[in-house]
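In what follows, a single structure is set out as C-alpha cells and then discussed.
The values are calculated or read from the model by the stated rules, or taken from the named source; none is laboratory data. Note that this is a predicted model, so its numbers are computed, not measured. Every residue, glycine among them, receives a Cβ derived from its backbone with ideal geometry; neighbour counts consider all protein chains shown. Quick note on the areas: whole protein, heavy atoms, side chains included, nothing else; ligands and nucleic acids left out. Shrake-Rupley method; radii C 1.70, N 1.55, O 1.52, S 1.80 Å.
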Amino acid sequence: RLRISCATAFYGILLASYTHNSFAKLNLECEPCIDRSKKTISAIYHGDIDDPFWTPIEKAATQAASDFGVNFERTLYENYNPVEMANDIRLAVAHKVDALVVTLPSIEVEEAVAEAVAAGIPVFGLNSGYKSATELGLAAMVAQDEYMGGEMAADRFLGSLGRSRSIQKAVFVNHEKGNVG
C-alpha cells in the first residue's frame, strides 16, 4: 500500500498545482492554455537505481508528466551519496527547473533544498524527511513519520509474541545507508 501511495503522490503533486495557491509558481493552469512543454520538473531521489521500491514511483511520475505535458527529469543513483545528491539539486536550480521533487535523506541534501526554496523554486518532498519538510519551506510533503512507523511495527511484533516476550537479541537492518531522514 505504501508503494502505491508514494507512486500516486507524484501524480497528486502535479494535480494539486491546479487547485492550491501555493503551487501557483508552477503555472500549469489552462485559462488560457500555456505551453507546458517548456516546463521542467526534476525529481531527485536518494534511492539506488535498482531498488524495486522506486519502480512504481517512476512509472507514476512518468505518466503524470506525460498527462500534464511537462518535461520530467529524474535522478537515482548507482550508489547513493548525499554530497552528490546535494550537488545534483544545486545543478537543477542552476538550470532553473520549474519545480523539484526530492527526498530529504541527509543534512547535505536539506541544505541544497533550502537553497532551492530560497531561489524561488517550488520544492515537493516525497518519502524521506517528513520532520524537516515544513521547516525547509516545502510546498508539500508526501511521507510518513518513520519513527512512529517503527514504534508501531515494534508494538505489533511484540504483540505477536504473546505473553512470552522473551527476546534476548534483535537485529535492525538499515537498507538505505546514509539515509537519516
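Points to keep in mind about this one:
- Qualifying residue in segment 57-73 (condition: closer than 18 Å to I121 by Cα and touching a helix residue (DSSP H, G or I) at 6+ places or on another chain (Cβ under 6 Å)): yes
- Close pairs from segment 122-147: first free of Cβ contacts under 8 Å to residues at least 40 places away in the same chain and closer than 16 Å to E108 by Cβ, partner charged (D, E, K, R) and open to solvent by 20 Å² or more (accessible area, probe 1.4 Å), Cβ under 7 Å, at least 6 apart: L136/E110
- Boolean, S42 is of a type in the set (S, T, N, Q) and buried (at least 18 other Cβ atoms within 10 Å of the Cβ): yes
- For V180: the one exception among (1) modelled with pLDDT of 75 or more; (2) touching a helix residue (DSSP H, G or I) at 6+ places or on another chain (Cβ under 9 Å): (1)
- Those residues of segment 130-139 which are small (G, A, S), more than 19 Å from E73 (Cβ to Cβ) and either part of a helix (DSSP H, G or I) or touching a Phe, Trp or Tyr at 6+ places or on another chain (Cβ under 9 Å) (or both), in sequence order: S132, A133
- Residue within segment 113-129 that is touching a Lys or Arg at 6+ places or on another chain (Cβ under 6 Å), open to solvent by less than 20 Å² (accessible area, probe 1.4 Å) and in a helix (DSSP H, G or I) present: no
- Counted residues, segment 45-103 - those being outside any loop (DSSP other than H, G, I, E, B) and open to solvent by 30 Å² or more (accessible area, probe 1.4 Å): 23
- Residue count for segment 31-72, restricted to those that are acidic (D, E) and within 25 Å of S128 (Cα to Cα): 4.
- Residues that are charged (D, E, K, R) and touching a residue at least 40 places away in the same chain (Cβ under 8 Å) within segment 95-109 comprise just one, D98.
- Annotation note: Cβ proximity below 7 Å between a residue of segment 31-57 that is modelled with pLDDT of 80 or more and a residue that is open to solvent by 60 Å² or more (accessible area, probe 1.4 Å) and basic (K, R) (sequence gap 6+ or interchain) occurs for A43/R74; F53/R3; P56/R3.
- If you go through segment 130-177 and pick out every residue that is open to solvent by 100 Å² or more (accessible area, probe 1.4 Å) and modelled with pLDDT under 75, you end up with 9.
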